[in-house]
Amino acid sequence: AREIHDSYHLIDPQFGKIKDKQLANKIRKTHENGWITGSKGWQYHWDPNIAKRLVLRTQTTAVSVRYLLQHKEPPVKMFCISRVFRPDILDAKHAMEFFHFDGIVMDSNLTFRNLLGILGEITRSLNIDKIEFKPGYFPFTEPSVEVFAHHPKIGWLEVAGAGLFRPEVTKPLGIEDPVLAWGIGVDRLAMVKLGLDDIRMLHSKRLDFLRER
């Protein structure tokens, strides 16, 4: 997802190392011509020097893919909550750093309907019943969906993006089974759950506010 949103690039150190050259070659072929995925790829020259640039992660999908590389036999479930960073403009609904809840489930007969059921169960467990699903676009999933939750003051907030990993993601890892994947903005879910109309309040130092919550 290199072009979906900007990222923070590190100056020192500027580059990392590509340890698995065989995997990198499969990814290069997938990007350039689709390799064996059935895709025609992105039709560009994959530059390893660009791939080695170090960035602050913009989402925790990097954790999911690394886990899949080490756990290829279904069933597989993986969840993580980590801080991510995006160069955004700070306002009531946006922050430059926030927490991302990433999850994947892999098994032989999973479908998009299963994914919608999981997303609905997650929100219902927080007593957030008013949600909407809308078709979305993410380069690494197809089909894809965006999840919106209704905030009593702000209105509809996008709280998650999800989908089924594309073959371009799974085949280089040696995975043939469908993988459901989602990334949830924990901070925005907290805004809906706590009734906050400003994301900055999650980092408040006001004792009266903290005692109330």
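Among the residues of the range 60-102, write down those that are touching a residue at least 24 places away in the same chain (Cβ under 8 Å), of a type in the set (S, T, N, Q) and out of contact with any Cys (no Cβ under 6 Å at 6 or more places or on another chain). Matches in the range 60-102: T61, S64, S82. Quick check on V145: is it over 28 Å from A24 (Cβ atoms), at pLDDT 90 or above and buried (at least 19 other Cβ atoms within 10 Å of the Cβ)? When the stated conditions are applied, V145 passes them.
Yes/no matrix, rows are residues, columns are (1) touching a His at 6+ places or on another chain (Cβ under 9 Å); (2) touching a residue at least 12 places away in the same chain (Cβ under 8 Å); (3) over 22 Å from D177 (Cα atoms):
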site	(1), (2), (3)
G16	no, yes, yes
Q22	no, no, no
E32	yes, yes, yes
W46	yes, yes, yes
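Against the test of being modelled with pLDDT of 95 or more and either touching a Pro at 6+ places or on another chain (Cβ under 8 Å) or in a helix (DSSP H, G or I) (or both), the options V105, V192 yield a single qualifying residue, V105.
For the criterion of being touching a Lys or Arg at 6+ places or on another chain (Cβ under 7 Å), open to solvent by 30 Å² or more (accessible area, probe 1.4 Å) and at pLDDT below 90, L210 fails.
Can you pull out the residues in the range 30-55 that are open to solvent by less than 70 Å² (accessible area, probe 1.4 Å), among the aliphatic types (A, V, I, L, M) and in a loop (DSSP other than H, G, I, E, B)? Across the range 30-55, the qualifying residue is only L54.
The values are calculated or read from the model by the stated rules, or taken from the named source; none is laboratory data. What you see is a predicted model; the values in this text were computed from it and never measured. We place every Cβ from the backbone using ideal geometry, glycine too, and count neighbours over all the protein chains shown. Surface accessibility is based on the protein's heavy atoms, side chains included, excluding ligands, DNA and RNA. Shrake-Rupley method; radii C 1.70, N 1.55, O 1.52, S 1.80 Å.
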